[in-house]
Amino acid sequence: MSITKLPDQFSALEPFAEKWGQLETASERYLLRQSLTMDELRTFHDAAANRLDEIFTYLDSFPDGDLPEAEARLYRTVMGLSEVMQAVEIFGAPRVKNAPYPHHIDTIWTQSGSK
């Protein structure tokens, strides 16, 4: 099975797409962040964080919910940056201090009424 490459203008992010571009869920990204070193996280952060406007402007040029595979892989890759930015910019570590490793966070959406 061949892997679709990122769009040419984002080929510099290909090494990060190998790890992050296949992940579909926030839980998968959260677990990956915990397993990486700060050097790996900083390298991704440094390569991609300053390109977010460019990336999302490009992705916004496609119809909602209809990204071609290369663009979907780019989207999944930069979604990983949401986890990486927490580690680099907030925690200063891949894992939350004093939390067991590995651990999960499950988000459950509920609807509340005001009746």
Leu59 accessible area, 1.4 Å probe, all protein chains in place, Å² to nearest 10: 10 Å²
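Per-residue ellipticity at 222 nm for the chain, helices alone: DSSP H runs ≥ 4 residues times -39500 (n - 2.57), over residue total, nearest 500 deg cm²/dmol? The partial results should precede the final answer.
On the way: 5 runs with 53 residues, N = 115.
So the helix-based figure for the chain works out to -14000 deg cm²/dmol.
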Distance (nanometres) between label positions extended 7 Å along Cα→Cβ at Ser112 and Phe91: 2.6 nm
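Would you mind calculating the relative contact order of the chain from Cα pairs under 8 angstrom and at least 6 residues apart, reporting the percent as a whole number?
Numbers: 98 pairs, mean separation 46.4, N = 115.
Worked out over the chain, it gives 40 percent.
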Whole-percent carbon and sulfur share, accessible surface of the chain, 1.4 Å: 52 percent
Accessible surface, 1.4 Å probe, highest first, among residues Lys5, Lys97: Lys97, Lys5
Hz values of 3J(HN,Hα) by residue in the range 62-67 - Karplus curve (6.51, -1.76, 1.60), Gly and Pro given as x: 9, x, 3, x, 9, 7
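How much area per residue is accessible in the range 28-102 when the probe is 1.4 Å and only protein heavy atoms are counted (Å²)? Let's see the in-between values first.
Details: 4200 Å² over 75 residues.
Counting only protein heavy atoms, the per-residue value for the range 28-102 is 56 Å².
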Solvent exposure ordering (accessible area, 1.4 Å, most first) of Tyr58, Tyr30: Tyr58, Tyr30
Rg to Rh, two decimals, where the range 35-103 supplies the alpha carbon set and Rh follows Kirkwood: 1.06
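Based on the Cα gyration tensor of the chain, what are the three equivalent ellipsoid semi-axes, each the root of five times an eigenvalue, rounded to whole Å and given largest first?
On the way: eigenvalues 121, 88, 37 Å².
After scaling each eigenvalue by five and taking roots: 25, 21, 14 Å.
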Probe 1.4 Å, all protein chains present, accessible-area order of Glu14, Glu24, largest first: Glu24, Glu14
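The values are calculated or read from the model by the stated rules, or taken from the named source; none is laboratory data. Since we're looking at a predicted model, the values are computed, not measured. Because the Cβ atoms are built from the backbone with ideal geometry, glycine has one as well, and the counts that use them run over all protein chains shown. Accessible surface is based on the protein model in full, side chains and every heavy atom, while ligands, DNA and RNA are left aside. Shrake-Rupley method; radii C 1.70, N 1.55, O 1.52, S 1.80 Å.
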